[in-house]
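Down below is the structure, laid out as structure tokens.
The values are calculated or read from the model by the stated rules, or taken from the named source; none is laboratory data. Computed from a predicted model, the values in this text were never measured in an experiment. Note: ideal-geometry Cβ built from the backbone for every residue, glycine included; neighbour counts use all protein chains shown. Just the protein is used for accessible areas: all its heavy atoms, side chains included, with ligands, DNA and RNA removed. Shrake-Rupley method; radii C 1.70, N 1.55, O 1.52, S 1.80 Å.
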Amino acid sequence: MKRKRPRMAFPRPMADLLQEGVAIAGLAGRLRDVEIWRHWPEVVGPVVASRSQPLRIINGTLTVVVSSGPWMQELSFLKGVMKEKLNERLGAEVVREIVLRSGKVAVAEPAPVEEPPRRKPLTPQEEEFIAKQSTAIEDPETREAFAALMRASFESGTEKRQ
């Protein structure tokens, strides 16, 4: 008689499998180290983050690149606070020491600001059309709001031209 194969266990969630793989590979500590870069602007604030950035962390020593001498002097006074805040945010003592180094800090490019679309002047036919459509509305406030909406629609070019 043929043996029955053991019943297959339910599939495990992918998140559990990834966590197990990370633990086996010994990457959990390194992944926590990488969190420093993500939390840096929140921990030090936007002004300091624009003048400094983490470079590397080796054996608990975080090297931070600073844009200038005056900023390096300022941050040397704040090392203890930065270390404390980072470790608090990371939930463990990941950073044991902070070393400041002068260098070029990469500045994030600001997002391009889109110009608002240019408004097109209304033709006399469009003005007449708006007046004709809005006269049927009895309430003056609603009539004016409707007319303003129609004008904005024609000016932006979203409405079909007559």
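Odds and ends about this structure:
- All conditions in (1) at pLDDT 80 or above; (2) on the phi < 0 side of the Ramachandran plot; (3) open to solvent by 80 Å² or more (accessible area, probe 1.4 Å) hold for Asn59, with the sole exception of (2).
- Residue match in segment 99-117 (condition: of a type in the set (D, E, K, R), at pLDDT 90 or above and open to solvent by less than 100 Å² (accessible area, probe 1.4 Å)): no
- Scanning segment 118-135 for residues that are over 12 Å from Phe154 (Cβ atoms) and modelled with pLDDT under 85 yields a single hit, Arg118.
Condition check ((1) modelled with pLDDT under 90; (2) under 18 Å from Gly103 (Cα atoms); (3) part of a helix (DSSP H, G or I)) across all residues:
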| position | (1), (2), (3) |
| --- | --- |
| Gln53 | no, yes, no |
| Thr63 | no, yes, no |
| Met72 | no, yes, yes |
| Leu75 | no, yes, yes |
| Gly80 | no, no, yes |
| Glu84 | no, no, yes |
| Glu88 | no, no, yes |
| Ala92 | yes, no, no |
